[in-house]
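Participant: Pasting a structure here, questions to come.
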Amino acid sequence: MMTESEYLYAWLYYLLGAVLLISSWWYATRKIPWPELRHLARMLVTVAVLVPWYTNTQQDYLSPALLIAVIEGLFEGGTAFWRAGTPLLAAMAAATFVSFLYFCVRWYIKRTKQNKQQPPAVKSTS
């Protein structure tokens, strides 16, 4: 059983590693030419690494949902994966939806701005 200070140190080390992983992923995806795909790839990795879930049903400790889902899926069978996999996939779906909304609003604003900047076409009467 972990003490509270060991638990906090474990999370501190994990978050430090997560920041390094996300930074490396951010750098690795910088050359993807489509901003929508680049943003989505970055968002999904960030969400997958940072979403917490309960370590087991008898404790209030939280652990990274990705690790819990993978470990339970490997050692307890495929159905055990879904205990932590469901909130993880729900968070990833929510991040994808928010990303989609962001790019739709961005596209609409750009289109509106372009239409305001273009002068109306002059029709010739000849």
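Participant: Students often forget the sequence filter, so: which lysines lie under 24 Å Cα-Cα from Lys31 once same-chain residues fewer than 8 apart are removed?
Facilitator: Cross-link targets: Lys110.
Participant: Can you tell me the mean projection area, over all orientations, of the convex hull of region 35-107's alpha carbons? Units nm², please.
Facilitator: So the mean shadow area of the Cα hull is 5.3 nm².
Participant: For Rg/Rh (Cα atoms, Kirkwood Rh), the choices are (i) 0.92; (ii) 1.02; (iii) 1.24; which was calculated from the structure?
Facilitator: Correct label is (iii).
Participant: How do Ser24, Ser5 rank when sorted from fewest to most other Cβ atoms within 10 Å of their own Cβ?
Facilitator: Ranking Ser24, Ser5 by Cβ neighbours within 10 Å, fewest first, gives Ser5, Ser24.
Participant: Which one of Trp25, Trp107, Trp11 has the biggest mean-square fluctuation once the chain is modelled by GNM with Cα springs under 10 Å?
Facilitator: Trp107
Participant: Taking neighbour Cβ counts within 10 Å as the exposure measure, how do Tyr102, Tyr14 sort from fewest upward?
Facilitator: By the 10 Å Cβ count, ascending, the order reads Tyr102, Tyr14.
Participant: Next question, about the same structure. How much length would be gained if the chain were fully extended between Ala28 and Tyr54, taking 0.36 nm per residue of separation minus their Cα-Cα distance, in nm to one decimal?
Facilitator: Length difference between fully extended and current span is 6.3 nm.
Participant: Per DSSP H run of n ≥ 4, the term is -39500 (n - 2.57); total these for the chain, divide by its residue number, and report the mean residue ellipticity at 222 nm rounded to 500 deg cm²/dmol.
Facilitator: -26000 deg cm²/dmol
All of the numbers you see were taken from the coordinates with simple rules; none came from a lab. Predicted model, so just to flag it, every value in this text is computed and none were measured. Reconstructed Cβ throughout: ideal geometry from the backbone, glycine too, with neighbour counts over all protein chains shown.
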